[in-house]
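Input: a single structure, listed below in structure tokens.
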Amino acid sequence: MDIFIGVIVGLLVLMTLVTVHEFGHFLAARRNGVRVPEFGIGFPPRAIAWIKDPKTGKWRRLKRQEWSKEKSTKVVVSSSKSSSSSVEDDSKKLVQKGMIFSLNWLPIGGFCQMDGESAEDRRKGTFGAASFWSKTKILFAGVAMNWLVAFIIFTVLAWTGMPQFLDGQFAVEGDTKVTAIPVKITSVASDSPADKANLMEGDKILAVDGNEFLYVSEIIDYNTEHAGKEVVYTIERTVDCNAQPEESHCATVGPQEDNSAPTIEVRDEFKIKLNPEDAEYQLGVTMSSEQSLSYSTWSAPIVGAGLTVQLTGETFKGVGIMLWNLVTGVGSQFSSDEATRQSGQEAISSVGDSVSGPVGIIGTLFPAFTAAGPTNLAFLAALISVSLACMNVLPIPALDGGRWLLIAIYKARGKRLTKETEEKIVSRAFMVLLALIFIVTILDIIRLTK
């Protein structure tokens, strides 16, 4: 049931984020004089639709008979001064007056159908006839909306409690209060430095040499830096005086009114000589950390903006590392050295492990984050919104950044971008994109079935 609810929530969140992206295109198109015959939530087939009367500004519901007529027609905006658009095919001519708003059955996003989206279309009120600057604003308005959504969510979370997912996560010092939850020891290796110092499963690590750490990775890094040296662990331990009556701290508490001994929290310091750097491990424990939350007041909008920028940078960095591993990994397969080829295969494998598509996001991430609560779910939604913005900035012809780059190149060359050339480039890029999505989806399914 948790997985089912997570999938439903995931679909709704992704549809909302994509619709917000398309709404950015819609707003920019309307502000720059480009007509929008239809704006839809979800993908066809239609569930319900309304059309706006351009004269009265009122909306009326479209009848199903009108839908069937539209399916066999091609929308062509009239060049007259009126706001209506003519709809025609080989046998008849219909007139669509005003814009259509539709709700559709497939919950996989949304769309903004602009009139004359080919750069070659020069009719007034079309995307093709808009200036280069107007096209730039229209194409990147969706990206801006996704960044805006992330900023708003992060700002709200900064007030209500921001999950701490990143090492060095952006915060404003002096206006940030962190509810620190100590790292917990989950197991202790036999005859390890931790075992010799009498650390136990369930112990909470409050500090190491007086330094407080929120993340397991920070403690591991600290131990590695101080390999072979003596460190002091400040530990909080829960002692059940029923099970351990000989514990010295239990003697000072005494029995309760019902003659039972209490459970107490004991804080002690343990001096530990870590293993040297070349050893299998320095401390000899496995650890886990529960989530900490940070709270801000006046600096919440600054935290929202700063974290959006930070995650944008991390996203582009991750894409760069992934592409580098892919290129170097494929290139290394042509080497005559076996070790080089093996290293390249590991790099290629890391690319597959780091990529997750819609199935992985909806089938794995959303159920986990939904179960973790609304705060974590909101953080994930903001993170995906940032990712959508970053992906659409990339120069892939089928996406916003690629379409803009294509238009910019032809403008810089002073050449006309024909409809045939544009459709050929975009369609081929779109096929490559679909192939990548298909491959990633297969990888997601394999991960889910393991």
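The values are calculated or read from the model by the stated rules, or taken from the named source; none is laboratory data. Small disclaimer: the values here were computed from a predicted structure and weren't measured. FYI the Cβ positions are ideal-geometry reconstructions off the backbone, even for glycines, and counts take in every protein chain you see.
Taking the stretch 129-163 as the range and being crowded, with 21+ Cβ neighbours inside 10 Å and over 24 Å from the mean Cα position of the chain (by Cα) as the test, the residues that pass are 130, 135. Residue selection: residue 80 satisfies the criterion of being in a loop (DSSP other than H, G, I, E, B), at pLDDT below 90 and small (Gly, Ala, Ser).
Pairs are defined by a Cβ separation below 8 Å, a sequence spacing of at least 6 or placement on different chains, a first member in the stretch 198-224 that is free of Cβ contacts under 8 Å to residues at least 12 places away in the same chain, and a second member that is among the aromatic types (Phe, Trp, Tyr); the pairs so defined are 211/222. For the stretch 193-217, the set of residues classified as crowded, with 17+ Cβ neighbours inside 10 Å and among the acidic types (Asp, Glu) consists of 203 only. Inclusion of residue 335 among residues that are modelled with pLDDT under 80 and assigned to a loop (DSSP other than H, G, I, E, B) is warranted. Has the stretch 89-111 got at least one residue that is at pLDDT below 90 and aromatic (Phe, Trp, Tyr)? Looking for residues that are at pLDDT below 90 and aromatic (Phe, Trp, Tyr), one finds none in the stretch 89-111, hence no. Listed by position, the strands (runs of 3 or more DSSP E) enclosed by the stretch 261-323 that each have at least 1 residues that are over 19 Å from residue 208 (Cα atoms) are 263-273, 293-296.
Within the stretch 164-181, one or more residues are surrounded by fewer than 20 Cβ atoms within 10 Å (Cβ to Cβ), in contact with a Leu (Cβ under 6 Å, 6 or more places away or on another chain) and β-branched (Val, Ile, Thr). Here are 299, 289, 335: which of them is hydroxyl-bearing (Ser, Thr, Tyr), surrounded by 12 or more Cβ atoms within 10 Å (Cβ to Cβ), touching a helix residue (DSSP H, G or I) at 6+ places or on another chain (Cβ under 6 Å) and in contact (Cβ under 8 Å) with a residue 12 or more places away in the chain? Among 299, 289, 335, only 289 is hydroxyl-bearing (Ser, Thr, Tyr), surrounded by 12 or more Cβ atoms within 10 Å (Cβ to Cβ), touching a helix residue (DSSP H, G or I) at 6+ places or on another chain (Cβ under 6 Å) and in contact (Cβ under 8 Å) with a residue 12 or more places away in the chain. Considering the stretch 18-64, and only residues there that are polar (S, T, N, Q) and outside any helix (DSSP H, G or I), the residue that is nearest to residue 113 (Cα to Cα) turns out to be 32. Of the residues making up the stretch 238-283, those that are modelled with pLDDT of 80 or more, more than 22 Å from residue 204 (Cβ to Cβ) and either surrounded by 13 or more Cβ atoms within 10 Å (Cβ to Cβ) or more than 47 Å from the chain's Cα centre (by Cα) (or both) are 275, 279. Taking the stretch 392-428 as the range and being part of a loop (DSSP other than H, G, I, E, B), touching a residue at least 60 places away in the same chain (Cβ under 8 Å) and within 25 Å of the chain's Cα centre (by Cα) as the test, only 394 passes.
If you check 205, 220, 185 for being in contact with a Pro (Cβ under 6 Å, 6 or more places away or on another chain) and closer than 19 Å to residue 273 by Cβ, only one passes: 205. Picking from residues in the stretch 406-426 that are surrounded by fewer than 12 Cβ atoms within 10 Å (Cβ to Cβ) and of a type in the set (Gly, Ala, Ser), the one that is modelled with the highest pLDDT is 412. The one condition from (1) part of a loop (DSSP other than H, G, I, E, B); (2) at pLDDT below 70; (3) more than 15 Å from residue 36 (Cβ to Cβ) that residue 68 does not meet is (1).
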